[in-house]
Structure formats: structure tokens, C-alpha cells
Amino acid sequence: MGIFSRLSFKSSPDLVLALDIGTEVVKALILRIEKDERRGVVIGVGKVLQKTGNMQSGAVSNIGGVIASSREAIVLAKEKAGVKNVEKSIIGIAGELVKGTTTTVHYERVNPEMHIGVPELKMIIQKVQGKAFERIKKQLAWEMGKDDIDVKLINAAIVDVRIDGYPIANPVDFQGRDVSMSVFNAYAPMIHLGALKTIADELDLDLLSVAAEPYAVARSVEVDDMIDFSAIFIDIGGGTTDIAVVRNGGLEGTKMFALGGRAFTKRLAQEFELSFDMAERMKIDYSNNRLSPPEMERISALFTDDCRIWLGGVELSLMEFAETDLLPPRIFLCGGGSALPGIKKALLSQEWTTFPFPKLPQVSYLQPGDVSRITDMTGELNSPQDMTPIGLAHLALIDALEEEKMLSSILRKSMETLENK
């Protein structure tokens, strides 16, 4: 069962496949890991359009169709990379029922003069994970109207550790009375994970990990002073919008709602009486300013209400984060839907100034070049819509370099314990 929760590079593979199964497009990246250089090099890219019924709201709805599209994308990536086999893989997962949240537990030590040892640290982490697991199960049970939701922990990362109020990177051998630990966890229903496992089996892939896509995108950005880095990441796909909030270098949580670029395409299809495929091409031409001025103006007016509705989804998603602190004023956009001009305009509008931003938000596009230590040798990853597969590749690289050793190892073991419950 560990395939759902962790990467394992015991065999030190040189090549890893990152597979982004999107609502509109399947993207396959082949990453060559160069441990000596501490970087990853993308040597092959394959992109294949999905059939209309393959995905619904970011989740797989036609396993056979997704397998066919994924196989085609993988073959293209292998041909471009000049390789025959890439068995190790990391696959992204999205959808409204994928939940990511940070849980904090405060622990008062009986003997503050004793040095914190590994057994005590394991106990603290297990308390955090147990509390988080029950919290997520209750939330999903309420949303789905069922009490027996089978969920699995797919990603975990320690966000913050403090002893007597002081931030600590690794609490082992420290002294103190009050220990607080915050851990980000991403969970997904077993039905979605089972579909991805079936897809991986049919494609003969050794599935190292399934990763929540907003988690992968948010972790792909590394800056010199991460402790001061705060931002909101918004990934607009075909069927969903995925949001991740980072505060003080730590991922506070993720939210998703079922409204993406496909809704705008359907609006065009209805308004202009076009097929879905023709409407999609018109939407892309509009995003690239390739239509006549009258058409550009008409579509802009048409999309104004849709962008306002989309912004309402963003507001609802951020409401929980706004209850505890000011929202980060930096917003990074990515995904195919972010190309629509009205999206950025909506985020810069005065319509949601009631939200607690310290200043007016600054909105920019997240580009593949913003991901450190990932080099694209293909020249095919050149827009914000390519950020999700690059984020997945970056996660694979981090684990291959074994940068998060002891605390990460304890987290993984606690994840295995939860999986076997």
C-alpha cells in the first residue's frame, strides 16, 4: 500500500516518468535524475488530448479512455527521449475530494530539561497524524453524506516545529517544555487512487507515488529565504481550479473546486452554436488575441460573468485561510485556464477587496523556468500550463536526492501505520 504515500529510490533509477492526467490533456515527462549535479533534466515530453468523457471534475471517469491517452503520451515522450523503458513513475491527482490541510498539535513535556529523542519525536508526529486523519475523514464523510469513507494519506510534509515558541528545523536533542508541530497532509478517496493504480498497472508502470497536484505545484518553487515566502498558487485546469496557500515557507492547505477552462469552452459552444472542439479552438485563439476585434470584444463581454462566478469559487476556497491570518498578497497563476485574459483581470479587480490582504494582490504567471533544479532539454515546456507535470517531476527529484532524511523517514512510517488501519 505504500505506493500511494511515498517515493522509494532504493534502486537509484536514472529515469522517472511524471504523468499529469489532466481533464483536457495528458502530459508525460521523462526526467533524467543527475545526482552529482543535484538536478533533474527533462529529456522527453508527450502531450495528448483527452477524449471528452475520460475525465469529470478532475477525476477519472473512463479508465479505458485514460489508459489509451496516457499510453500515447508516454510513447511520444519515450520516442523524443530516445529511451525504450521508463518504469518508475509519479502520477498527479486532483479533484474536489482531494483534501489538503495543515494540522498543529501542541505538546507539553513532563520533563523540559530532558533532551528530545527520536522515540519522543515519533510519538509527537503520530499524535499530529492521528488527529489530522480523523479530521479529514469527518470532513469527507460530511461532504459525501457517508460515514464509511475509505481515504488514504498521499502526501505529508512538516511545515513548522517550535519549542517554547522558537522555530526549530529538527527538534532532536533540544530541550524545552512546549513543543508545537504543524504537518501538512493531503488525502484522497480510495476510489480515485484505485483508478490510478489500475491505470499504472495497465501501463506497466512501477508507481512510486501519487501526489496531490496543488501540493506538487506549491513545492516546486524554492527561494533563498523560504521562511519569509508566502503566496497563493492557483492552478486552473480543464475541469477544476486547484488552490494552495503557502505561509512563511510552509504549505498551509489546499482547496479545489469544480470549475475550470472547460466551463468557458461550453459557454462559447452555446453562444456561437459550435461543437466543443471548435469552441475550444476559439477559446485558445481568444486567449492568444488571434480573433477579430468585434469577436474579441463579444467574447470578453460574454466571459465577464463567468469570470465573476469563478472568482466566487476562489473566494469560498480562501475563506477558511482568511479566518486565521492575512492572506498572502502574491498570487501565482498556472494551468491552461490561466491564459484567459479575464482571469487575471478578475483577480486584480476591486470585487474581493473585503478579503484580508495586507495590500492589493500582485498577480503573476508561474513559468517552468521558476522551478529550480529542473532543466528542460526539449524546449517544449514553455508556458504556465506545463507547471503541473514539472511540479511532479520536482517532487521526484527531491526524494531521489534524499534531502529530507530523518523527519521525512518518521513521517513515512507514520503514513504506513495509517494506511494499515
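The values are calculated or read from the model by the stated rules, or taken from the named source; none is laboratory data. In this text, all values refer to a predicted model and were calculated from it rather than measured experimentally. A quick note on method: Cβ atoms are made from the backbone with ideal geometry, for glycine too, and the neighbour counts reach across all protein chains shown.
Identify all residues within the range 257-301 that are assigned to a helix (DSSP H, G or I) and hydroxyl-bearing (Ser, Thr, Tyr); write none if there are none.
Within the range 257-301, Thr265, Tyr286, Ser287, Ser300 meet the criteria.
Name the single residue that is surrounded by the most Cβ atoms within 10 Å (Cβ to Cβ) among those in the range 49-77 being of a type in the set (D, E, K, R) and either part of a helix (DSSP H, G or I) or under 20 Å from the mean Cα position of the chain (by Cα) (or both).
Step by step, filter the range 49-77, then rank; the result is Arg71.
May I ask you to verify whether Phe257 is farther than 20 Å from Gly335 by Cβ and surrounded by 13 or more Cβ atoms within 10 Å (Cβ to Cβ)?
no
Going by the structure shown, is Ile90 in the same structural domain as Thr375 (by TED's automatic domain parsing) and either in a helix (DSSP H, G or I) or more than 19 Å from the chain's Cα centre (by Cα) (or both)?
Spelling it out, it is not the case that Ile90 is in the same structural domain as Thr375 (by TED's automatic domain parsing) and either in a helix (DSSP H, G or I) or more than 19 Å from the chain's Cα centre (by Cα) (or both).
Give the range 265-306 a look and list any residue that's touching an Asp or Glu at 6+ places or on another chain (Cβ under 6 Å) and under 17 Å from Gln385 (Cβ atoms), or say none.
Hit for the range 265-306 is Thr265, nothing else.
From the list Leu392, Leu347, which residue is in contact with a Gly (Cβ under 6 Å, 6 or more places away or on another chain) and modelled with pLDDT of 90 or more?
Leu392
Residues checked against (1) touching a residue at least 24 places away in the same chain (Cβ under 8 Å); (2) of a type in the set (Gly, Ala, Ser); (3) closer than 16 Å to Met55 by Cα:
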| position | (1), (2), (3) |
| --- | --- |
| Ser230 | yes, yes, no |
| Ile234 | yes, no, no |
| Thr240 | yes, no, yes |
| Arg247 | yes, no, no |
| Thr254 | yes, no, no |
| Gly260 | yes, yes, yes |
| Lys266 | no, no, yes |
| Glu271 | yes, no, no |
| Leu274 | no, no, no |
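Give the residues of the range 127-160 that are closer than 13 Å to Thr103 by Cβ and of a type in the set (A, V, I, L, M), sorted by residue number.
Passing the criteria: Val128, Ala132, Ile136, Leu153, Ala156, Ala157, Ile158, Val159.
Of all the residues that make up the range 25-49, how many are under 20 Å from Leu203 (Cβ atoms) and either modelled with pLDDT under 95 or in contact with a Ser or Thr (Cβ under 8 Å, 6 or more places away or on another chain) (or both)?
Qualifying residue count for the region: 10.
Given Ala339, Ala301, which one is surrounded by fewer than 15 Cβ atoms within 10 Å (Cβ to Cβ) and among the small types (Gly, Ala, Ser)?
From the options Ala339, Ala301, the qualifying one is Ala301.
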